[in-house]
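See structure below.
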Amino acid sequence: MSNNKQQTAVWIELYTTINDNGQKEFHESKQTGTLYQKGNIDVLTFEEVLEDASVVKNMITIQREKVNLKRSGNVTMNQQFHMNQTTENVLKHPYGNIHMETYTTAIVYEPLSSTKNGNLQIVYDLKLNGQDARQQTLDLVIKEEDMA
């Protein structure tokens, strides 16, 4: 009985670029995680250790027109990226809550295959607590752990 589900141990490289009126900030994070592929949905799970040594669990659900980023632990949020739509959520962390509005302008996803790395790029405008929107780009590279 095959349910066509695949689980792969992966290396994850996450790059975030924030463009605040020409001022650019870059963040980079590298983790190991697990990629589950079933039908046309890919789910990536990984843990991130923050500066205060607390652990945040991340789950990224990837579909053609939408991506969902769920974080739980010391920092919790459920950020949704829908093509050409605004979504809202609240980021909760020890210093308080931040209201987030996300307007997604691009989602480009190439799934991990036996011949090439997986790649997810999301371009979006993000407003925090009603402030001016800043354009952000999220680039995610997924590599098979034994290929890295």
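The chymotrypsin sites (Phe, Trp or Tyr not before Pro) of region 60-118 meeting both criteria, a DSSP state outside H, G, I, E and B (loop) and at most 10 other C-beta atoms within 10 angstrom of the site's C-beta, are Tyr95.
With 0.36 nm allotted per residue and the present C-alpha distance subtracted, the Gln7-Asp52 stretch has 13.1 nm of extension available. The three principal axes of the C-alpha atoms in the chain carry coordinate ranges of 50, 36, 30 Å, sorted with the longest axis first.
Probe radius 1.4 Å, ligands and nucleic acids ignored: give me the carbon and sulfur share of the accessible area of region 24-132 as a rounded percent. That share works out to 47 percent. A simple spin-label model places the labels of Lys70 and Ile18 2.5 nm from each other, with each point 7 Å out along Cα-to-Cβ.
Along the chain, the longest continuous region that contains none of the GluC sites (Glu not before Pro) in a DSSP loop with at most 16 other C-beta atoms within 10 Å is 66-148.
The values are calculated or read from the model by the stated rules, or taken from the named source; none is laboratory data. Source: prediction; values computed, not measured. Heads up, the Cβs are rebuilt from the backbone with ideal geometry, glycines too, and the neighbour counts pull from every protein chain shown. To get the accessible areas, we keep the full protein, side chains included, count just its heavy atoms, and leave off ligands, DNA and RNA. Shrake-Rupley method; radii C 1.70, N 1.55, O 1.52, S 1.80 Å.
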